[in-house]
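Data block below; observations after.
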Amino acid sequence: MLLEEQGRHQFGDVPDGAADDYELFLADQGFPGREYASGMTQNEFVTRSWHLPEHCHPVNWAAESMCRVIRRRDPRRPDFWYLSFSAPHPPVTPLAAYMDLYRDADLEEPAKGNWSEKFENLPYHIQKLSNPDILSMARAGKHERDLSRRGFYATVTQIDHQIRVVIGYLRECGLLDNTIIAFTSDHGHMVGEHGEGEQAMRMIRRGRHKLIYYPVGNRYQLFDIEADPRECSDLASEAGSANTLEELKALLQQNFYGDDTRWVRGQDIVGLPARSYEPAPDRNLRNQRGLRYL
């Protein structure tokens, strides 16, 4: 296993933490501790292009490392390989060439649903995560918002091309026709849509319908993702969707486990007590990281 942990180091009691494999690679290339010298942070969509040579980018490093692992395979045995890119999770720092691809691209306006028009009506957790005193992009102008979206698209394209490198290497090795390739992801990003709320507490999908559940205040959102793929129209309070809502709530309850079962009383989902959101400034710069001397 080779790790690139985005500064999440397991040994917090070691001065400057313990270097992961990617940081050791950067040191070998003559850039020790320079991973975050761009000034970009791990949980924001403020964007700039990559600040080190192209081959030092963590996306490119991960793909090349994967190819090396494949090269060192035992040809007598079947293999399972797992390649995980931290991107496009922030920091959003694509190579400059990929930023150039989207420099003049037309961008859609960010989606804004009927359910997100009034901040005071949002579920508690979306209010908390959308606090404009925490998120710099919450009050960003059109230029900054567009730049963040271009950076996100550029990063995804860079990842796509590096996946092509890995697939090409499998072909070069004569392994492609005997390899199953599966893609998965942990979550997506809003990138300026619906006002920077990015954490659904629980979600379940059946066919064309998607139910999102917020235990605090026992709140639901229901979307028809075929007719409304950008989730702008919340159907949870519409009479015509009542049966679908109840069916998905029952399906959600069937899949509760662990602490989730605390939200159930008898046959009903009751969630947690409602809370009033009290905004407070947060000046921690959203987990900003800096230079690390190894």
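Quick notes on this structure:
- Looking only at region 130-144, residues that are surrounded by 17 or more Cβ atoms within 10 Å (Cβ to Cβ) and modelled with pLDDT of 75 or more come to 1 in all.
- Of the listed requirements (1) surrounded by 16 or more Cβ atoms within 10 Å (Cβ to Cβ); (2) in the same structural domain as Thr261 (by TED's automatic domain parsing); (3) at pLDDT below 95, Gly217 misses just one: (1).
- Counting only helices (runs of 4 or more DSSP H) that fall entirely inside region 1-108 and contain at least 2 residues that are modelled with pLDDT under 95 and assigned by TED's automatic domain parsing to the domain that holds Arg139, the qualifying elements are 21-28.
- Flag for Lys118 being among the basic types (Lys, Arg), without any contact (Cβ under 8 Å) to a residue 12 or more places away in the chain and closer than 30 Å to Arg219 by Cβ: yes
- Failed condition for Glu23, given (1) more than 22 Å from Thr184 (Cβ to Cβ); (2) buried (at least 17 other Cβ atoms within 10 Å of the Cβ); (3) in contact with a strand residue (DSSP E or B) (Cβ under 9 Å, 6 or more places away or on another chain): (3)
- Residues considered: Gln288, Gln221, Gln254, Gln267. Of these, the only one that is closer than 30 Å to Tyr36 by Cα and polar (S, T, N, Q) is Gln288.
- Residue ID - nearest to Glu5 (Cα to Cα), chosen from residues in region 86-100 that are of a type outside the set (Asp, Glu) and surrounded by fewer than 20 Cβ atoms within 10 Å (Cβ to Cβ): Ser86
Yes or no, residue by residue, for (1) farther than 18 Å from Glu172 by Cα; (2) without any contact (Cβ under 8 Å) to a residue 40 or more places away in the chain:
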| position | (1), (2) |
| --- | --- |
| Leu26 | yes, yes |
| Pro32 | yes, no |
| Ser38 | yes, no |
| Ala63 | no, no |
| His89 | yes, no |
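- Exclusive hit being surrounded by 12 or more Cβ atoms within 10 Å (Cβ to Cβ), within 22 Å of Ala111 (Cα to Cα) and at pLDDT 95 or above, set Ala227, Ala236: Ala236
- The residue of region 239-264 that is surrounded by the fewest Cβ atoms within 10 Å (Cβ to Cβ), among those that are of a type in the set (D, E, K, R) and modelled with pLDDT of 95 or more, is Glu246.
- Only a single item in (1) surrounded by 19 or more Cβ atoms within 10 Å (Cβ to Cβ); (2) farther than 30 Å from Tyr277 by Cα; (3) of a type outside the set (A, V, I, L, M); (4) in contact with a helix residue (DSSP H, G or I) (Cβ under 9 Å, 6 or more places away or on another chain) is not met by Tyr36, and it is number (4).
- Looking across region 161-189, the residues that are assigned to a helix (DSSP H, G or I), surrounded by 10 or more Cβ atoms within 10 Å (Cβ to Cβ) and not β-branched (Val, Ile, Thr) come down to His161, Gln162, Arg164, Gly168, Tyr169, Leu170, Arg171, Glu172, Leu176.
- Matching residues in region 219-257 - criterion: being in contact (Cβ under 8 Å) with a residue 60 or more places away in the chain and either in a loop (DSSP other than H, G, I, E, B) or in contact with a Pro (Cβ under 6 Å, 6 or more places away or on another chain) (or both): Arg219, Arg230, Glu231, Cys232, Ser233, Asp234
- Tabulated pairs, region 160-189, first under 16 Å from Tyr82 (Cβ atoms) and assigned by TED's automatic domain parsing to the domain that holds Arg71, second among the hydrophobic types (A, V, I, L, M, F, W, C) and modelled with pLDDT of 95 or more, C-beta under 6 angstrom, 6+ apart or interchain: Gln162/Val59; Gln162/Ala63; Val166/Ala63; Val166/Met66; Tyr169/Cys67; Leu170/Leu176; Thr179/Leu170
The values are calculated or read from the model by the stated rules, or taken from the named source; none is laboratory data. Keep in mind the model is a prediction, meaning the values are calculated, not measured. Cβ: placed from backbone, ideal geometry, glycine included. Neighbour counts: every protein chain shown.
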